[in-house]
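Asks: Below you'll find the structure I mean.
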Amino acid sequence: MKQKDNDWKSRLGMVYSTNPDFVYENEEEPETPTLLPSAQRLRVTIERKNRGGKVVTVIKGFIGTETDLKALGKQLKTKCGTGGAVKDGEILIQGEWRERVIQLLKDEGYKDTK
């Protein structure tokens, strides 16, 4: 058994089993595999509402694992030279960087970025 499977916090509500063949099943959904950049359909928009008057560039529509989304977000933030966040399946970049982000995504092989 892997050490990760033996995490006691994930089994807090479980009753003890005497069955030697018992395997605890976690109810987590498996992550969807990351699509190739050419198969992704990303949307790049500018938002001002509910942000305290600040302008934010939002990239939506990424299909894949959370780690790949965070890596893409970090890459975009670094190349734009600004801050941002990755949450709720979206990449948020501080400032109005729509054209720059679209060009960066096209250079990485993403298409249909509008």
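Any read-out appearing in this document is the output of simple, stated calculations on the displayed coordinates, not a laboratory observation. Nothing here was measured: the structure is a model prediction, and the numbers come from that model.
Asks: On average over all directions, what projected area in square nanometres does the range 46-109 have, based on the convex hull of its Cα atoms?
Replies: 4.2
Asks: In whole Hz and in residue order, list the ³J(HN,Hα) couplings for the range 67-83 that follow from phi through the Karplus curve 6.51 cos²θ - 1.76 cosθ + 1.60, θ = phi - 60°; x for Gly and Pro.
Replies: Calculated HN-Hα couplings, in order: 5, 5, 5, 5, 5, 5, x, 5, 4, 5, 5, 5, 6, 8, x, 9, x Hz.
Asks: Name the long-range amide H neighbours of Gln40: under 5 Å, sequence gap of 5 or more, or other chain; modelled H, no Pro or chain starts.
Replies: Close amide H contacts, sequence-distant or interchain: Lys111.
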